[in-house]
1. Take Ser58 and decide whether it is among the hydroxyl-bearing types (Ser, Thr, Tyr) and either at pLDDT below 95 or under 12 Å from the mean Cα position of the chain (by Cα) (or both).
2. Determine, yes or no, whether Glu101 is touching a Pro at 6+ places or on another chain (Cβ under 9 Å), surrounded by 15 or more Cβ atoms within 10 Å (Cβ to Cβ), within 27 Å of Asn132 (Cβ to Cβ) and of a type in the set (Asp, Glu).
3. Given the conditions (1) at pLDDT 95 or above; (2) crowded, with 17+ Cβ neighbours inside 10 Å; (3) touching a Ser or Thr at 6+ places or on another chain (Cβ under 8 Å), which single one is not true for Met113?
4. Of the residues that sit in region 1-55 and are assigned to a helix (DSSP H, G or I), touching a residue at least 24 places away in the same chain (Cβ under 8 Å) and more than 13 Å from the chain's Cα centre (by Cα), which one is nearest to Thr124 (Cα to Cα)?
5. Checking Arg55 against (1) in contact with a Leu (Cβ under 6 Å, 6 or more places away or on another chain); (2) buried (at least 17 other Cβ atoms within 10 Å of the Cβ); (3) within 23 Å of Asp22 (Cα to Cα); (4) not hydroxyl-bearing (Ser, Thr, Tyr), which single condition isn't satisfied?
6. So Ser105 clears everything in (1) in a loop (DSSP other than H, G, I, E, B); (2) over 18 Å from Gln47 (Cβ atoms) except one condition, right? Which one?
Amino acid sequence: MSISKKTAMVSACLLGINCRYDGKTKLNTHILIFLKDYNIVPFCPEQLGGLPTPRLESTKLSNNKLINKNNEDVTDQFLKGAKESLKIAEIITPDIIILKEGSPSCGLNNTNMNWKKEEGSGITASLLKNLNINLLSDELF
């Protein structure tokens, strides 16, 4: 008889995957230690939405549009990535999802709004909140 492990979906940048807009990572070793007994499923909504790495930094506007530093509308790519992330969560039904705070995609409590960190959720975090899954900010670790 085998005991199945819990599963965690995690913003890929927190696991050391170079997928951020600047091509870098936000590795958080405390999260890796916390998840030592979990099956881990990394995900990056921006990449799932078809945006390259590296890419221009983006922000959420008050009208829920997303633009990059060149003022190009990237809302469709962010929405596609959010929907793909939601599909993954619905398929694997993780026990927890850990998100990168401050991201216009993954920010759970704070997001990049009008080029500043403001209270609110990113586009992916907003969709994931509709699931009955425990969402955690990387700032807890």
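The values are calculated or read from the model by the stated rules, or taken from the named source; none is laboratory data. In this text the structure is predicted, and so the values were computed from the model without any measurement. Note that we place each Cβ from the backbone using ideal geometry, even for glycine, and neighbour counts take in every protein chain shown.
1. For Ser58, the condition - among the hydroxyl-bearing types (Ser, Thr, Tyr) and either at pLDDT below 95 or under 12 Å from the mean Cα position of the chain (by Cα) (or both) - is not met.
2. It is false that Glu101 is touching a Pro at 6+ places or on another chain (Cβ under 9 Å), surrounded by 15 or more Cβ atoms within 10 Å (Cβ to Cβ), within 27 Å of Asn132 (Cβ to Cβ) and of a type in the set (Asp, Glu).
3. Answer for Met113: the failing condition is (1).
4. Restricting attention to region 1-55, the residues satisfying the condition of being assigned to a helix (DSSP H, G or I) are 12-15, 29-34, 45-48.
Keeping just the survivors that are touching a residue at least 24 places away in the same chain (Cβ under 8 Å) gives 12-15, 30-31, 34, 45-48.
Still in the running and more than 13 Å from the chain's Cα centre (by Cα): 30-31, 34.
Working: His30: 23, Ile31: 20, Phe34: 23 Å.
By that ranking, first place goes to Ile31.
5. (1)
6. Tallying (1) in a loop (DSSP other than H, G, I, E, B); (2) over 18 Å from Gln47 (Cβ atoms), Ser105 fails exactly one: (2).
Every residue, every condition in (1) of a type outside the set (A, V, I, L, M); (2) out of contact with any Lys or Arg (no Cβ under 6 Å at 6 or more places or on another chain); (3) closer than 17 Å to Leu135 by Cβ, yes or no:
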residue: Val10; (1), (2), (3): no, yes, yes
residue: Lys24; (1), (2), (3): yes, yes, no
residue: Phe34; (1), (2), (3): yes, yes, yes
residue: Val41; (1), (2), (3): no, yes, yes
residue: Thr53; (1), (2), (3): yes, yes, no
residue: Asn63; (1), (2), (3): yes, yes, no
residue: Lys69; (1), (2), (3): yes, yes, no
residue: Lys87; (1), (2), (3): yes, yes, yes
residue: Ile97; (1), (2), (3): no, yes, yes
